[in-house]
1. Of the residues Y240, Y215, which is out of contact with any His (no Cβ under 6 Å at 6 or more places or on another chain), closer than 25 Å to L160 by Cβ, of a type in the set (S, T, Y) and crowded, with 23+ Cβ neighbours inside 10 Å?
2. Looking at region 168-191, is at least one residue farther than 26 Å from A239 by Cα, open to solvent by less than 10 Å² (accessible area, probe 1.4 Å), part of a helix (DSSP H, G or I) and aromatic (F, W, Y)?
3. Please tell me if I78 is open to solvent by less than 50 Å² (accessible area, probe 1.4 Å) and β-branched (V, I, T).
4. If you go through region 28-35 one residue at a time, do you hit one that is surrounded by 15 or more Cβ atoms within 10 Å (Cβ to Cβ), in contact with a Phe, Trp or Tyr (Cβ under 7 Å, 6 or more places away or on another chain) and among the acidic types (D, E)?
5. What's the total number of residues in region 136-154 that are in contact with a Phe, Trp or Tyr (Cβ under 9 Å, 6 or more places away or on another chain) and open to solvent by 60 Å² or more (accessible area, probe 1.4 Å)?
6. Restricting attention to region 80-124, which residues are within 26 Å of Y33 (Cβ to Cβ), of a type in the set (D, E, K, R) and touching a residue at least 12 places away in the same chain (Cβ under 8 Å)?
7. What are the residue pairs meeting all of these: first residue in region 60-73, first residue farther than 17 Å from F202 by Cβ and surrounded by fewer than 18 Cβ atoms within 10 Å (Cβ to Cβ), second residue basic (K, R) and at pLDDT 95 or above, Cβ atoms under 7 Å, and 6 or more apart or on different chains?
Amino acid sequence: MWNSVNEQISQAMHFDFKHTFKRQLQSPNSDKYFELRDENHRFFVKVAHLSDLERLECESFNLKLLTQESLFMIPDCIATGCNIEFSFIVLEWLELDKLPHSNWHTMGEHLATLHQKHTQAMFGFDHDNFLGPTVQPNRWHKKWDVFFAEERIGWQLQLLQEKGIELVDQDMFIAFIKDTLHGHNVEPSLLHGDFWQRNMGFIQAVPSLYDPACYYGDREYDIAMSELFAPLPDAFYTAYNQQYPLQNGYEQRKLIYQLYPILNHANIFAGHYLTEAKQQIDLLLK
């Protein structure tokens, strides 16, 4: 496989690359991460199953889009490819600053700047992509309440149902989500889509993002996602709200938006995430 990686890098970079050093890095999932370099060049390589090539190509597309549309430091995608067994993506190596980070206000300002661009009239994306390993449908919709109820919550409930798991009556709950979001006035923003602490960092104090799941939706989704697993420092939220204040009712909508990644974890890992998803659903229906 590494011959294929070397060839793809050589073609993309227009010089003959052959790695002289390879080191496996820690990975939070089933993908394998590597540092690859020769005497003068250094790359980050993510390796997955052959069947994951489409997911890696979506990642490449999303990274390029965020590079064009945002102020964040985004790793350049050098190449994607595969051999008969594996698929891979090669990214520019970015050396992240060591913890703790101190420039969270700029992270908040950069996200607000991205969200303030309203270049799309509808909600969705030109193609489906992935949240983690899960397909994320992005059919275009005129109404945000319909998009989120059907393409996000309904989709995840359907995946669970196909596994024989029914946490709630699907039709009833989709109608509830539509009704709850119906009065919320939303202008579509380009979202990172998986905006939490593990997918961000700083390079020489400049905010950086990676592992996106982009689509055009309600900006509050990125904020809600940032609060779910490990809330960001207060400086981030203060700076964001100074530049682009959240609308009234966010705290209620946040519970709906956070249900989507919880359901996704329930589909991937089952276990206690199924219990957490059921508790979140019950809380919303109270």
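1. Y215
2. Among the residues of region 168-191, at least one is farther than 26 Å from A239 by Cα, open to solvent by less than 10 Å² (accessible area, probe 1.4 Å), part of a helix (DSSP H, G or I) and aromatic (F, W, Y), which makes the answer yes.
3. yes
4. Scanning region 28-35, I find at least one residue that is surrounded by 15 or more Cβ atoms within 10 Å (Cβ to Cβ), in contact with a Phe, Trp or Tyr (Cβ under 7 Å, 6 or more places away or on another chain) and among the acidic types (D, E), so the answer is yes.
5. 4
6. E85, E92, E95, D97
7. Pairs that qualify, where the first residue is farther than 17 Å from F202 by Cβ and surrounded by fewer than 18 Cβ atoms within 10 Å (Cβ to Cβ) and the partner is basic (K, R) and at pLDDT 95 or above, are E69/K117.
The values are calculated or read from the model by the stated rules, or taken from the named source; none is laboratory data. Note that this is a predicted model, so its numbers are computed, not measured. Heads up, the Cβs are rebuilt from the backbone with ideal geometry, glycines too, and the neighbour counts pull from every protein chain shown. Note: areas computed on protein heavy atoms with side chains; ligands, DNA, RNA excluded. Shrake-Rupley method; radii C 1.70, N 1.55, O 1.52, S 1.80 Å.
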